[in-house]
Every structure is written in structure tokens, then in C-alpha cells.
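What follows is calculated from the coordinates using simple rules that are stated; it is not laboratory data. Predicted model only: the values in this text are computed from it and were never measured. So basically every Cβ, Gly included, is an ideal-geometry build from the backbone, and we count neighbours across all protein chains shown.
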Amino acid sequence: MLNERALRIALPALALGIGVLVWDLVVRLNELPPYILPGPGLVVSTVFADWPILWSSLLSTMETTFAGLALAVIGGVGLAIAFNQSRLVEHAFYPYAVILQVTPVVAIAPLLLIYLPQQAAVLACAWIVAFFPVLANTTLGLNSVDHNLADLFRLYGASRWQILRELKLPSAMPHMLAGLKIAGGLSLIGAVVAEIAAGSAGAGSGLAYRIAESGYRLNIPRMFAALLLLSVAGIVIFFLLSALEQLALRRWHESAVSRES
Amino acid sequence: MVSPVSLSATEPVVTLRGVGKVFGSGVTALEGLDLDVRAGEFLSLLGPSGCGKSTALRIVAGLSEPSRGTVTWPGAGRGPVKDIGFVFQEPTLMPWARVFANVYLPLKLAGVSERDAASRVAQALARVGLGDFANAYPRQLSGGMRMRVSIARALVTEPRVLLMDEPFAALDEITRFKLNDDLIALWRELKMTVVFVTHSVFESVYLSQRVVVMSARPGRIFSELAIGAATRDASFRTSAEYAGHCRVASEALAQAMQASEAAA
């Protein structure tokens with residue numbers, strides 16, 4: 001269906017284009033000054049004009065986001081495996097995971113900033129919010145192994161390690177990747193929240209800090225420019241993780257294989 | 001040709017004595033089951049759903065512990081674990097693994113290297129007519145082909161006893177007939193013992209030398225019939241002899257179901 005595919009790309013682009021046009025018209029017709037609402041053209045030109053500052057901030061935020069995500073995957077998958085191997089460990093530690101998840105990260109960030117160096121505190125925030133979806137989804141995946149396949153492994157005398165490696169982890173893969181996709185976006189949010197909470201930081205700080213700083217200085221165009229970059233970064237992360245999921249599952253999982261009709 | 005074994009003379013490969021199974025829910029699935037599976041025979045367990053025939057098979061396989069009674073393997077020394085193949089109702093393949101890896105699995109779990117296993121896997125696949133599909137993923141295959149992969153996986157360890165739990169129930173009739181014929185050919189070629197669970201009278205009569213009819217609530221053996229026919233092919237399927245055996249088996253099954261209802 002070529003038409004449908006074309007529509008799927010063209011329609012959102014059109015809707016987005018109209019939105020930007022309306023934004024531009026509102027600014028022009030009302031002659032709004034940039035410190036109230038900058039037009040889209042000014043925002044884009046600010047991105048280019050302030051590129052050196054914004055770029056180093058973007059790098060800093062991305063570094064935190066990906067480090068947080070990596071730690072979340074290691075921690076989430078590791079803990080899910082530990083839970084799966086031992087009920088005792090699960091009963092003992094699951095409450096901690098839930099507490100970390102339900103306590104709003106905005107409320108934890110100031111405390112972490114007192115106890116940890118700023119960079120570590122920001123990373124910890126990114127990790128806390130990204131960790132739970134990986135844990136929850138991987139746990140679900142490890143527990144939804146086909147019963148007959150589990151019987152088959154038992155029949156052939158498979159060891160715990162063989163069952164984990166050959167059966168449980170591959171079965172859990174689709175769930176794990178779905179968790180990772182959620183975690184990617186959350187890790188960015190965690191990093192941004194912590195940067196905003198950190199506020200006072202100096203050089204080498206991230207995009208969220210740029211937004212806060214520009215706000216104090218009423219540099220509204222730069223706020224928008226930083227916001228635009230954050231959005232783009234979030235979108236890029238989402239597509240990267242979707243591509244990873246597609247790549248890993250394309251041969252066998254119903255969610256990823258293309259069907260010929 | 002059916003190998004001319006005289007059934008009564010061969011020693012049992014597995015013996016069940018007074019086997020009962022009560023599930024945690026309090027349901028009695030089996031009671032007082034006495035069964036000898038004789039070496040080299042093709043035995044079917046026939047019965048209505050809920051008669052415990054699958055439970056009996058799982059107990060033989062060691063996948064389920066009997067609540068009462070004993071399961072013994074007189075073939076001494078040789079543990080049952082390595083010496084049975086099991087085919088489930090569904091193909092039960094690993095969707096993420098290619099056909100080769102699926103069939104290689106039992107050998108892999110036993111610590112056989114891929115290189116040493118390659119020829120055995122290829123042979124097992126050739127036996128079920130899937131020699132050219134080693135690199136396919138299960139989802140690319142039809143239902144019948146997936147079941148063939150499942151059978152190849154059960155055969156790759158060259159087990160003495162093959163246990164099959166309604167393996168062809170979900171397949172269309174044409175595919176089922178073809179697989180029935182292939183299974184008989186494999187049974188003759190490999191001289192293994194087959195225990196085949198089914199709820200189809202026609203399938204059990206076509207395949208087996210001995211049909212054990214079970215009744216439900218609680219599951220127990222109701223009656224037993226021997227099918228002496230030497231040839232099993234399309235002409236047997238339409239013969240008066242086959243029809244006669246089917247009638248006897250159908251009547252036995254009907255009585256078994258009456259007995260189940262009376263007990264319920």
C-alpha cells in the first residue's frame with residue numbers, strides 16, 4: 001500500500017507544518033516581541049547562533065541520559081534475573097524497586113544533590129526513573145516462558161544456567177526491548193529534572209540548565225532553542241531504540257516481522 | 001511390514017503399577033493405573049478429554065510425579081531421562097531459533113558440540129523430510145512442517161521410547177494422514193517404542209498395535225484391544241478390517257464415556 005505509507009509520512013508532516021505556520025502567524029499578526037513569544041524562524045536562527053553553547057550542553061545531557069540508560073539496563077536486567085532465580089530475593093527487594101518508582105524523582109533530586117557530587121546526582125536521577133520499566137518488563141518476560149518449552153528443557157535435564165541462557169532470556173527479549181524503549185525517554189526526563197533541580201551549576205552543564213539560566217535572563221529565544229534540541233534528542237533516542245528493537249526481533253517476533261498479504 | 005514380534009513375549013520397557021494422580025485442586029486425574037509398555041510396540045491411549053491420558057504420559061516422561069503407585073523402567077541402568085523423546089500437542093519450537101538450532105537443542109543441552117551434532121541433526125531433519133529447511137525460522141513453516149520439526153527434535157537423541165501427546169490434533173486431515181504414514185515408517189525403521197495419546201478412534205486404530213481405552217473421573221483403563229493388521233496404508237484405511245476395528249474401538253470408547261458419566 002504505497003498510498004497509505006505516503007500518507008503516514010505526509011500527514012504528520014503536514015499537521016506539524018500547519019502548527020508552525022499558525023505559531024508564526026500569531027507572532028507576526030500580534031506583533032509579539034521575542035521576550036513574550038519568539039517566532040519559529042527566530043528559534044531556529046538562535047539554535048545556529050548559540051550553537052557552541054547549546055551543543056556542549058546537548059552533549060552533556062546526552063551523556064547523562066545514555067549513561068543513566070546503560071546503568072538502568074544493567075541494573076534492571078540484573079535484578080530481574082536475580083528475582084527470577086530466587087523468590088527470597090524478589091520478596092526482599094521488590095518493595096525497594098516500587099518505592100524508587102512511585103516516589104516522584106523531582107522530590108528525590110534535591111536530596112541526591114546534597115549527598116552526591118552534582119554529576120553523580122544527575123546520573124542517579126536518570127537511572128532511578130529509567131530503571132523500573134526495564135526491571136518490570138524483563139521480569140514479566142522471564143516469567144512468561146512457554147510452559148511446554150520449559151517442560152522440554154526439564155525433560156532433557158537442562159541446568160538452571162542453560163534454562164536462563166537458552167530459554168528465559170530469549171523469551172524475555174521482546175519485553176525487555178519494549179521496556180528499554182520506555183526507559184530511553186524516561187532517562188532523558190530524569191536527567192532534565194535533575195539538571196533543573198541542580199540549577200546553580202556552572203560550566204559543562206546540560207540543556208535543562210541552559211533553559212533555567214535563559215529563563216532568569218529573559219532570553220526566551222534561547223529557552224525555545226534549547227527546548228527544541230531536547231525534543232529532537234528525545235525523538236532521536238526513541239527512533240534509535242525502535243530501530244534496535246526492529247533489528248533484534250525482525251526474524252521471529254510477530255511485532256517486528258513484515259507480513260505479506 | 002510390521003516387525004513380527006509376538007507382543008506377549010517382549011519385556012516391558014516401562015511399567016506403571018497402581019499409579020494415581022491427585023492435583024492440588026483436589027481433582028483426581030488418575031486412579032489405579034496398571035500399564036505395561038512393551039518394547040518395540042506402538043501403543044495408543046484413547047479416551048475422552050479429561051480421562052487423564054495426557055497426565056499418564058507426563059508421568060511416564062517424568063514431567064509429573066505420581067501421587068500414588070510406581071513407574072519403573074526395567075531396562076535397568078539406563079535412566080529414562082536421556083532415553084525418551086516427547087512430542088507435545090503444539091510444535092513447541094523456540095520461535096527465535098532456526099530449525100537447525102531447534103533440533104540441535106536436546107544435544108546441546110547434553111553438551112554435544114555443534115560440530116559433532118551437525119550430522120545427527122541433518123539426519124533427523126532428513127528423516128522427517130525437512131532436509132532443506134535447516135535455516136528457516138519456525139514462523140516461516142506451515143503447521144504440519146512445524147510438527148515435523150518437533151518430531152525431528154524428539155528423534156535426534158535416538159530415544160528408545162517416543163511419547164506423543166495428541167501431536168496431530170490441530171492439523172488438517174490431509175496433513176494428519178501423511179504424518180500418520182510417515183510416523184509408522186519411522187517407527188518401523190528405528191524400531192522404537194511409541195506411546196501415542198489421542199482422542200481419535202480412527203487415528204489410534206490406524207497407527208497402533210494396541211489401543212488402551214481410558215475412562216474419566218477418575219482416569220483409569222477401561223479396556224484394551226489389539227490391532228493385528230500387518231500393513232498400514234491407504235488400502236488398510238478403507239478395508240473392512242479397519243472398519244471393524246474402528247467399530248469395536250468406538251463402542252469401547254462409548255462405553256468408557258458412559259462409565260465416566262455414571263461416575264460423575
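Results, tabulated for the structure shown:
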| read-out | value |
| --- | --- |
| Selection of chymotrypsin sites (Phe, Trp or Tyr not before Pro), region A:1-95, meeting DSSP coil and at most 10 other Cβ within 10 Å | A:35 |
| B:49, B:204 arranged by Cβ crowding within 10 Å, fewest neighbours leading | B:49, B:204 |
| B:34, B:165 arranged by Cβ crowding within 10 Å, fewest neighbours leading | B:34, B:165 |
| Pairs of Cα atoms farther than 19 Å apart, region B:90-159, % | 19 |
| Estimated Rh, region A:97-244: Kirkwood, alpha-carbon pairs, angstrom | 17.6 |
| 222 nm mean residue ellipticity, helices alone, for chain B (DSSP H n ≥ 4; -39,500 (n - 2.57); rounded to 500) | -12000 deg cm²/dmol |
| Helix-derived mean residue ellipticity, 222 nm - over chain A, DSSP H n ≥ 4, -39500 (n - 2.57), to 500 | -27000 deg cm²/dmol |
| Given chain A, longest segment not containing exposed loop GluC sites (Glu not before Pro) (DSSP; at most 11 other Cβ within 10 Å) | A:32-253 |
| Mean Cα-pair separation over length for chain B, i.e. relative contact order, pairs under 8 Å, 6 or more apart, % | 26 |
| Fraction of antiparallel bridges per DSSP, the protein assembly as shown only, in percent to nearest 5 | 45 |
| Kirkwood Rh in Å, taken over chain A so that all alpha-carbon pairs contribute | 21.1 |
| Sparsely packed trypsin sites (Lys or Arg not before Pro) within region A:212-261, loop by DSSP, other Cβ within 10 Å at most 13 | A:217, A:250, A:259 |
| Reference-scaled alpha-carbon Rg (2.2 N^0.38 Å with N residues) for chain B | 1.00 |
| Eligible lysines near residue A:168 by straight Cα distance, threshold 30 Å, same-chain separation 8 or greater | A:181, B:21, B:53, B:82, B:108 |
| Sequence of B:251, B:189 once ranked by neighbouring C-beta atoms within 10 Å, starting from the fewest | B:189, B:251 |
| Student exercise, chain B dipole from Lys, Arg, Asp, Glu Cβ charges, in Debye to nearest 20 | 540 |
| Intensity falloff of the protein assembly as shown expressed as log10 I(q)/I(0), Debye formula with alpha-carbon point scatterers, at q = 0.10 Å⁻¹ | -0.89 |
| Point-to-point label distance, residue B:247-residue B:173, nm (Cα→Cβ direction, 7 Å offset) | 2.1 |
| Value of relative contact order over region A:38-249, rounded to a whole percent, pairs C-alpha under 8 Å and six or more apart | 31 |
| For B:109-117, mean number of other protein chain Cβ atoms within 10 Å | 2 |
| Qualifying trypsin sites (Lys or Arg not before Pro) for region B:165-264 [loop in DSSP, other Cβ within 10 Å: at most 16] | B:191 |
